[in-house]
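**Student:** Before we start, here is the structure in question, set down as structure tokens.
Taken together, the values in this text are just the output of simple stated rules run on the coordinates, not laboratory data. Keep in mind that what you see is a predicted model, and the values were worked out from it rather than measured. For neighbour counting, all protein chains shown are included, and Cβ atoms are generated from backbone atoms with ideal geometry for every residue, glycine included.
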Number of protein chains: 2
Amino acid sequence: MTKILQRNLYREVADRIGDLIEHGELSPGERISEKQLCEKFGVSRTPLREALKVLATEGLIELLPNRGARVVRLTFKKVKDTYDLMAALEGLSGELACQHITDKEIAAIRTLHNNMLEHYHQHDLKAYFELNRQIHEGILTASQNEVLQEMYSNLSQRVKRVRYSKKMTQAFWDQAVKDHENMINALEKRDSQLLGQILRDHLCNKLEVATLAGVIEDEAPIEEHSVVNA
Amino acid sequence: MTKILQRNLYREVADRIGDLIEHGELSPGERISEKQLCEKFGVSRTPLREALKVLATEGLIELLPNRGARVVRLTFKKVKDTYDLMAALEGLSGELACQHITDKEIAAIRTLHNNMLEHYHQHDLKAYFELNRQIHEGILTASQNEVLQEMYSNLSQRVKRVRYSKKMTQAFWDQAVKDHENMINALEKRDSQLLGQILRDHLCNKLEVATLAGVIEDEAPIEEHSVVNA
DNA sequence: AAAAGTAATTATGAATTCAATATTAACTAA
DNA sequence: TTAGTTAATATTGAATTCATAATTACTTTT
């Protein structure tokens, strides 16, 4: 593994640990050994421990006094709560975007949307999801609210390690595409109330949670990658 | 100042620094001297620096590589963005509260509401605001969404150092009380859509921002306590 | 063999030390 | 004086060291 030799070492280390968690190389509930990670990254305990404290504030790990750090266990409830929150933030981003977005930005999103439709018709789920992500990111950016963006990306990072795309049924997919059609229309009309409502109710959030609920048993901690796929 | 001799030192230190910021003992933009704070708190640089990193992720201070930490300058836009976000979160908390709240909890909030009305009629702004806070906190708790609660309290902390209560006009106050009346009714009917809408539009959020806008010049950083009172 | 207690080991919490970077002060030259 | 340069100082960044708490291994006892 490539050693780190950068400034803002603690932030770099925190990101790297975040990656390990996202990719399942650190399991939920697993005790995080400081020494091991120090050796892995080639840094001393000082920046590593700073990183752990930051990751705890970001909600990725939890710190037990005198008993080390461990990766947060994602229960179904925790994931659902996070998605509820993300939906509310998306709703707000839609409302704000309508107030600030330029014609040029709308055109760019329309283009992304058209490309996304291509992938939808070709049943290319992975490419579809990437475009989908870019559209939502575009709206978030157009909201011009940096605090909102910061919060959203933090929430998104917390649940990144759970992926459910494969479980998406055709019916759900069809509905999601319809939602997107309505979104773009609301955006072009700059109807903030409508776009906010659409985004709050948008399947992309609820769907994944619903799917997840069907896949895992209630209240059981989600072992990451147990429901995973592309 | 009382020395700290507790476990989870970094968290304690972070809270104490947060208090200093809230009460204006550390000015926005002011460089934070590690040595000074170490002496003030009677701790070494290690836990102090950990606290600084945590406070940076919480959005209270910013870290400039090799150039120390400074208190975040609150611009009008930053405050407005934060309040927009808080309003959205309150809206969500209302929706969720309707789904989970017990009759007992509703009764408790109704009681708080009645007490608040007392203070309203007596023009006791301070007591009014405290009850107001407790009501919103009650709804937040009833939402049963811990991630939401965590996020809300973080946002709230970011803008805590700005207070505007004195600027509240009677008309605004009257409207706020009407809003609250509607809130309680919606809550008792468990009408989540309605309560969500009321809370999103609730004056308590918008009002303060609007007031602030009238008091400070646009885009100028808000020196905390410059608009203060209560 | 199982349980309880004790010693040895390991890991964490925090202070200190060392190194690198930035800031300030002092000095020189125009 | 003032701009520019260099040296001195102070501050930050990171590693190391020391202290303390937790875990494990090992006895001892029943």
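**Student:** Give me a single rounded figure for B:145-153: the average over its residues of other chain Cβ atoms within 10 Å of their Cβ.
**Tutor:** Values: counts 7, 4, 14, 5, 1, 4, 7, 1, 0.
Averaged over the peptide's residues, the number is 5.
**Student:** Pop a pseudo-label 7 angstrom from the Cα along the beta-carbon direction at both B:Leu20 and B:Glu188 and give the gap in nm to one decimal.
**Tutor:** Computed distance between label sites B:Leu20 and B:Glu188 equals 4.9 nm.
**Student:** To the nearest 0.05, what FRET efficiency results for A:Ala171 and A:Arg110 with a Förster distance of 30 Å applied to their C-beta separation? Don't skip to the answer; put the middle values down first.
**Tutor:** On the way: r = 25 Å, r/R0 = 0.85.
Efficiency computed from Cβ-Cβ geometry: 0.75.
**Student:** Can I ask one more? Compute the length gained on full extension between B:Thr75 and B:Asp201: take 0.36 nm times their separation in residues and subtract their Cα-Cα distance, giving the result in nm to one decimal. Write down the numbers at each step before the final one.
**Tutor:** Values: separation 126, 0.36 × 126 = 45.36 nm, distance 2.26 nm.
Length gained between B:Thr75 and B:Asp201: 43.1 nm.
**Student:** Ranked highest first by the average count of other Cβ atoms within 10 Å around their residues, in what order do B:148-161, B:88-101, B:61-74 fall?
**Tutor:** Values: B:148-161: 18.5, B:88-101: 23.6, B:61-74: 16.0.
In decreasing order of mean packing, B:148-161, B:88-101, B:61-74 become B:88-101, B:148-161, B:61-74.
**Student:** Still on this model: Over all residues in B:189-195, what is the mean tally of Cβ atoms on other chains that come within 10 Å of each residue's Cβ? Kindly include the intermediate steps, with their values, before the conclusion.
**Tutor:** On the way: counts 0, 0, 0, 0, 0, 0, 0.
Taking the mean over all residues of the peptide, I get 0.
**Student:** At 7 Å along Cα-to-Cβ for each site, give me the label-to-label distance between B:Arg31 and B:Arg133 in nm.
**Tutor:** So the label points at B:Arg31 and B:Arg133 sit 3.4 nm apart.
**Student:** Averaged over its residues, how many other protein chain Cβ atoms are within 10 Å of peptide A:181-188's Cβ atoms?
**Tutor:** Partner Cβ neighbours, averaged per residue: 0.
**Student:** While we're looking at this one, here's another question. What is the extension gain from B:Asn8 to B:Ser44, computed as 0.36 nm multiplied by their sequence separation minus the C-alpha to C-alpha distance, in nm to one decimal? Don't jump to the answer; show the numbers that get you there.
**Tutor:** Values: separation 36, 0.36 × 36 = 12.96 nm, distance 1.36 nm.
So the extension gain works out to 11.6 nm.
**Student:** Report the charge-dipole magnitude of segment B:1-114 in Debye, nearest 20, computed about the Cα centre from +1 at each Lys and Arg Cβ and -1 at each Asp and Glu Cβ. Walk me through the numbers on the way to the answer.
**Tutor:** Details: 18 positive and 17 negative charges, 122 e Å.
So the dipole magnitude of segment B:1-114 works out to roughly 580 debye.
**Student:** List the pairs from B:Lys53/B:Lys80; B:Lys126/B:Lys178; A:Lys178/B:Lys189; A:Lys77/B:Lys178 whose alpha-carbon separation is above 23 Å, in the order I gave them. Walk me through the numbers before you get to the answer.
**Tutor:** On the way: B:Lys53/B:Lys80 25 Å; B:Lys126/B:Lys178 18 Å; A:Lys178/B:Lys189 33 Å; A:Lys77/B:Lys178 35 Å.
B:Lys53/B:Lys80; A:Lys178/B:Lys189; A:Lys77/B:Lys178, as the Cα separations exceed 23 Å there.
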